[in-house]
Amino acid sequence: MSVSVCAAAMAVVSAQASFAESLSDAMVAAYKHSGLLKQNQATLRAASEDVAIAQSSLRPTLTYVISHGYTDTNLNLPNTGSWGTSAQLTSQFLIYNFGRGKMGVAASKETVQATRDALVGVEQQVLLRAVKAFLDVRSASENVQLQSNSVRVLTQELRAANDRFEVGEVTQTDVALAQARLAAARSGEAAAQGNLAIAREEYKAATGAYPGRLHALPRRPVTVKTLDAAKAVARQTHPDILAAQHNVAAADIAVELAKTAPLPSLAGQAQATWKDSSALPPGSDTVDGSVGLVLQGTIYKGGELAARYRKAVAQSEAARAGLHQARIAVDQGVAGAWAQIAIATASLEATERQIRASRVALRGAREEASLGSRTTLDVLNAEQELLNAQDARISAQSNQQLAYYSLLSAMGLLTAEHLKLGLVTYDADAYYNTVKSAPIHRVSPQGKRLDTLLEALGKK
């Protein structure tokens, strides 16, 4: 079964050999394919509508009520009831409410900014997943080639051991050792093929398509020279910190809103009422009109207003604690990525030296075995040492590259814009600027622009 998996993988690679995919191609595909990004883009649009909803509270309202029914003014007398129809049109506009309307708009804007930063965080997750998937496929492919080459070499070693056994140069033990090592190599080859199949599935999940022929690893991305510099950048640009800052601002505004909740609001009101009744003579319809001011407030509401204020204060404290925690997590992430770079770099240098030394040792072991001063086991051990070193180098190369991109993510810079991927990214400003003034569909010019934008997004 492992052979068929490898054959299928090689067939796909051969069919797509005319086009080699780069790491940038993988990230672009991941950005376009990601359902998680689309989900959070829709969440951001919903948050933008909250600004329009808050803005609408500062504008006049126009409502109507139409009723039709039977009224009996005296149930003890016959024929005292009549059918009647009435219509009422009411317009109300806010004059003053101690700034609650404007504070609601400001809080909604802060929430939009926090949601926008959260979207950047999701974008970083999507791109980093694509980077890891690309590196995993490359590493798995190289490991398959390495294990297959080991099987070929050990097959030749077994053939040579059998030949030497035929002429009495080695014993059956040497042949059995060669057979055991070959069986282990075939097991390693099967495992490598399975890991490649798993990596290909993850690549498809991350980018939307199976990988073809992949480019060599690109040059590592440019970051900063010191850990302190990396932390300083992260504290200024990381989306988790920026989102937490906006959440704190929104929570503080919510406290002020809750504080002013018991205060009254003053509104102007105009009302017109039309009545028609079958009990009145024809043409005796009545129309009443009124204009005035409405002062409305709450004296007591069972303790709800006080509870809402205490809740807002607690949520503000929680938001500040969240900001503190975000800063700690970002610093930790930067330091961890920085350490991973150092580990992977040192590991890569060590494996390069190990490979050079292992090749010399293998060459010497084979020459000495031909002279009878080394056993078959010595040669097999030397081959295994070289194989282990080559396998470690593959992992170290992948880990080093991933560590650099992880550092970019920890600094808040793993975005399509910063990496200059050359794709059209989601324009959060376009939707927000269109809806923030609460346009009406098909009526206002802003509403017509919104219709056009929704059609471009494929939402209509």
> What is the calculated FRET efficiency for A314 to L94, with r their C-beta to C-beta distance and R₀ = 41 Å, to the nearest 0.05?
Replying inline: 0.90
> With a 10 Å Cβ neighbour count serving as the proxy for reagent exposure, in which order, fewest first, do K225, K204, K231 appear?
Replying inline: K225, K204, K231
> For the chain, list the DSSP H helices whose alpha carbon atoms reach 18 Å or more along the long axis and whose average Kyte-Doolittle value is 0.0 or above?
Replying inline: 2-15, 239-260
> Hey, how much of the P(r) for the chain falls beyond 40 Å, as a percent of Cα pairs?
Replying inline: 50
>> At 222 nm, what value in deg cm²/dmol follows for the chain if DSSP H runs of at least 4 each add -39500 (n - 2.57) and the sum is divided by all its residues, to the nearest 500?
In response: -24000 deg cm²/dmol
> Fewest first, what order do S56, S67, S86 take by the number of other Cβ atoms within 10 Å?
Replying inline: S67, S56, S86
> For region 188-226 and region 22-89, what is the separation of their C-alpha centers, rounded to whole Å?
Replying inline: 47
>> I'd like to compare 149-159, 396-406: which one has the highest average count of other Cβ atoms within 10 Å, and what's the full order after that?
In response: 396-406, 149-159
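Any read-out appearing in this document is the output of simple, stated calculations on the displayed coordinates, not a laboratory observation. Bear in mind the structure is a predicted one, so any value in this text is a computation, not a measurement. Glycine also receives a Cβ, built like all others from the backbone with ideal geometry; neighbour counts cover every protein chain displayed.
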